[in-house]
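*Asks:* For reference, the structure I am asking about is given below.
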Amino acid sequence: MTMAEETAGDWWEVEALYDLCFAPGRSALSSYRLRDGVPPIAPLCLTARDEHGILAGAVRNWPVCIHGHLAVLLGPIAVHPTRQGEGVAAMLMRQCLAVAADHGWDRVMLVGDAPYYGRFGFEKLQGVEMPPPTNPDRVLGLALRDGAWDGIRGHVTQATDCK
Ligand SMILES: CC(C)(COP(=O)(O)OP(=O)(O)OC[C@H]1O[C@@H](n2cnc3c(N)ncnc32)[C@H](O)[C@@H]1OP(=O)(O)O)[C@@H](O)C(=O)NCCC(=O)NCCS
């Protein structure tokens, strides 16, 4: 399995993978409103391909703003159904978090299942509110620097609000 930064040529293939792996209407999710018109964080958009070049998994990340503080909103992440359970998502997650730390990001958040993302160190964020309807129990965060989430509370809005 080889990981690489997503290129323009990968775009449709990644879209097709997401369409396959997520319920129809994924772009209606509130998290997509935070991404509208905002470029993704290119070094944190990764593909994983097998030895034949077949796309097995992908992750994209966007910046978001919480009350003046920038964070990485991790996801969407998806792995093709025929490749699930082989650790592809774990590989993408770990690479993503390592690259984010290298690029100076302090904190990462996502909306997902705590039983899965807990293994990477994500914990429920208190007082960080995604646009509705989002189950607050699924709003999780990880500090890439000690204390990076301390005292950060408020609504998650588009990254442009942090400028
Ligand atoms: C979630 C997903 C990305 C995991 O990809 P993957 O490559 O299969 O994950 P890994 O191989 O790294 O990890 C597999 C393990 O995670 C567990 N797991 C997967 N999804 C889980 C979930 N939602 N909650 C709890 N555990 C989960 C599996 O049971 C497996 O457990 P094991 O290690 O004890 O066998 C993949 O299942 C997927 O694309 N799902 C559809 C899209 C999706 O839901 N994306 C996440 C949105 S938040």
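The values are calculated or read from the model by the stated rules, or taken from the named source; none is laboratory data. Just so you know, these numbers come straight off a predicted model, no measurement behind them. A quick note on method: Cβ atoms are made from the backbone with ideal geometry, for glycine too, and the neighbour counts reach across all protein chains shown.
For every residue, the table says whether it meets (1) more than 19 Å from ASP36 (Cα to Cα); (2) without any contact (Cβ under 8 Å) to a residue 24 or more places away in the chain; (3) not in a strand (DSSP E or B).
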| position | (1), (2), (3) |
| --- | --- |
| GLY104 | yes, yes, yes |
| GLY118 | yes, yes, yes |
| PRO132 | no, no, yes |
| GLY141 | yes, no, no |
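*Asks:* State the number of residues belonging to region 1-57 that are over 20 Å from ALA71 (Cα atoms) and in contact with a strand residue (DSSP E or B) (Cβ under 6 Å, 6 or more places away or on another chain).
*Replies:* Residues that pass the stated criteria total 18.
*Asks:* Go through region 61-90 residue by residue and tally those that are more than 7 Å from the ligand (Cβ to nearest atom) and either part of a helix (DSSP H, G or I) or in contact with a strand residue (DSSP E or B) (Cβ under 6 Å, 6 or more places away or on another chain) (or both).
*Replies:* Of all residues in region 61-90, those more than 7 Å from the ligand (Cβ to nearest atom) come to 61-74, 80-82.
Subset that is either part of a helix (DSSP H, G or I) or in contact with a strand residue (DSSP E or B) (Cβ under 6 Å, 6 or more places away or on another chain) (or both): 61-67, 70-74, 80-82.
Qualifying residue count for the region: 15.
Listed here are the residues, each with its yes/no results for (1) within 22 Å of LEU34 (Cα to Cα); (2) touching an Asp or Glu at 6+ places or on another chain (Cβ under 9 Å); (3) of a type in the set (Phe, Trp, Tyr).
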residue: LEU74; (1), (2), (3): yes, no, no
residue: ILE77; (1), (2), (3): yes, no, no
residue: PRO81; (1), (2), (3): no, no, no
residue: GLU86; (1), (2), (3): no, no, no
residue: GLN95; (1), (2), (3): no, no, no
residue: ALA98; (1), (2), (3): no, no, no
residue: VAL111; (1), (2), (3): yes, no, no
residue: ALA114; (1), (2), (3): yes, yes, no
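*Asks:* Scan region 108-121 residue by residue and report those that are more than 10 Å from the ligand (Cβ to nearest atom) and buried (at least 22 other Cβ atoms within 10 Å of the Cβ). Working first, answer last.
*Replies:* To start, the set of residues in region 108-121 that are more than 10 Å from the ligand (Cβ to nearest atom) comprises 108-109, 121.
Selection gives VAL108, MET109.
*Asks:* Here is a further query. Restricting to region 143-163, what's the tally of residues that are more than 12 Å from ILE66 (Cβ to Cβ) and either within 19 Å of the chain's Cα centre (by Cα) or touching a residue at least 60 places away in the same chain (Cβ under 8 Å) (or both)?
*Replies:* 4
*Asks:* Let me ask another. Does at least one position in region 20-29 carry a residue that is in a helix (DSSP H, G or I) and crowded, with 18+ Cβ neighbours inside 10 Å?
*Replies:* No, region 20-29 contains no residue that is in a helix (DSSP H, G or I) and crowded, with 18+ Cβ neighbours inside 10 Å.
*Asks:* Checking the structure you have, find out if any residue of region 37-45 is within 13 Å of the ligand (Cβ to nearest atom), modelled with pLDDT of 95 or more and either of a type in the set (S, T, N, Q) or farther than 20 Å from ALA4 by Cα (or both).
*Replies:* No, region 37-45 contains no residue that is within 13 Å of the ligand (Cβ to nearest atom), modelled with pLDDT of 95 or more and either of a type in the set (S, T, N, Q) or farther than 20 Å from ALA4 by Cα (or both).
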